[in-house]
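The values are calculated or read from the model by the stated rules, or taken from the named source; none is laboratory data. Just so it is clear, the model here is predicted, and its values are computed rather than measured. As a convention, Cβ positions derive from the backbone with ideal geometry for all residues, glycine included, and neighbour counts pool all protein chains shown.
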Amino acid sequence: MATAPTLLAADVAPRALSPRAHVADVVLPPHAALRADASPAADGAARTAAPTWLAFVNTDDARRGDGGRRADVLLDFDVFVDWLQASDVLDAERAAGIRRRAYQQPAGAAASLVDARRVRAALRALAERGSASAKARGDALTEINRVLGRSAGTRRLEERADGGYARTFVTVGDAFAALMVPIVDSAAESLIAGELARVRRCADPRCARVFLDTTKNGRRRWCDMATCGNRAKAARHRARQHALPR
Ligand SMILES: [Zn+2]
């Protein structure tokens with residue numbers, strides 16, 4: 001009975017408790033993918049499987065189906081910040097800070113969206129063709145280094161409300177420019193880890209989603225078995241039925 005309140009307190013303690021708002025406008029974790037993996041709040045295995053940069057590439061997904069039309073999250077700055085927050089790249093406090101900044105500097109926010117789309121296009125080419133195309137790799141490296149190069153700041157280690165630790169990046173200067181740092185950092189981690197050969201596009205021609213194949217045999221074809229994989233299975237089944245003699 002004595003331990004229950006302690007556990008509860010740790011579970012519900014909001015990350016916003018950290019009194020660090022004065023240090024900088026935005027504090028970003030450069031290893032957001034690692035942090036998402038370690039977070040007990042991560043909602044299941046679905047999110048931990050996809051590196052942040054591939055999830056970011058998939059934000060251009062505007063296909064129909066699965067409950068309606070999806071919108072490109074880079075059409076609206078607020079939606080982009082929502083996505084960064086949902087992906088654990090920004091916590092609630094920092095997301096609120098960048099929203100305030102966007103309200104004060106709408107031109108800066110708009111420019112950062114244009115920039116994010118440019119980085120995303122290079123990362124999509126890297127995901128789809130990077131293992132075969134030196135040009136796709138070179139273009140992506142240029143974009144990654146452009147983002148890393150213009151973001152001045154300090155790396156820090158911070159204790160989180162749940163008792164864990166997170167590496168963070170405290171920016172100075174352009175807060176908007178720093179938004180892309182954790183995303184390109186995630187791509188850098190994948191390249192360093194030699195994962196590129198396992199990154200590919202879904203085999204369904206109507207689906208543009210990219211994924212990291214973590215299966216043992218490396219022969220995964222669909223972004224998701226529950227959607228594209230199932231559709232392909234049903235199509236094969238129909239084809240077999242059709243071929244049966246009547
Ligand atoms: Zn798919």
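Some notes on this structure:
- Whenever a residue of segment 210-222 is on the phi > 0 side of the Ramachandran plot and at pLDDT below 95, it has no partner that is part of a loop (DSSP other than H, G, I, E, B) and away from the ligand (no atom under 15 Å from the Cβ) lying with C-beta atoms less than 6 angstrom away and at least six residues away or across chains.
- Subset of segment 196-233 (residues that are away from the ligand (no atom under 14 Å from the Cβ) and of a type in the set (Gly, Ala, Ser)): 197, 218
- Here residue 170 meets each of (1) crowded, with 19+ Cβ neighbours inside 10 Å; (2) more than 19 Å from residue 72 (Cα to Cα); (3) β-branched (Val, Ile, Thr) with one exception, condition (1).
Condition check ((1) touching a Ser or Thr at 6+ places or on another chain (Cβ under 7 Å); (2) part of a helix (DSSP H, G or I); (3) modelled with pLDDT under 90) across all residues:
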site: 40; (1), (2), (3): no, no, yes
site: 47; (1), (2), (3): no, yes, yes
site: 50; (1), (2), (3): no, no, yes
site: 58; (1), (2), (3): no, yes, no
site: 66; (1), (2), (3): yes, no, yes
site: 69; (1), (2), (3): no, no, yes
site: 80; (1), (2), (3): no, yes, no
site: 94; (1), (2), (3): no, yes, yes
site: 98; (1), (2), (3): no, yes, no
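- Out of 203, 232, 226, 187, one residue alone is in a helix (DSSP H, G or I), touching a residue at least 12 places away in the same chain (Cβ under 8 Å) and more than 20 Å from residue 52 (Cα to Cα). It is 232.
- If you check 127, 116 for being under 13 Å from residue 54 (Cβ atoms) and either surrounded by 15 or more Cβ atoms within 10 Å (Cβ to Cβ) or aliphatic (A, V, I, L, M) (or both), only one passes: 127.
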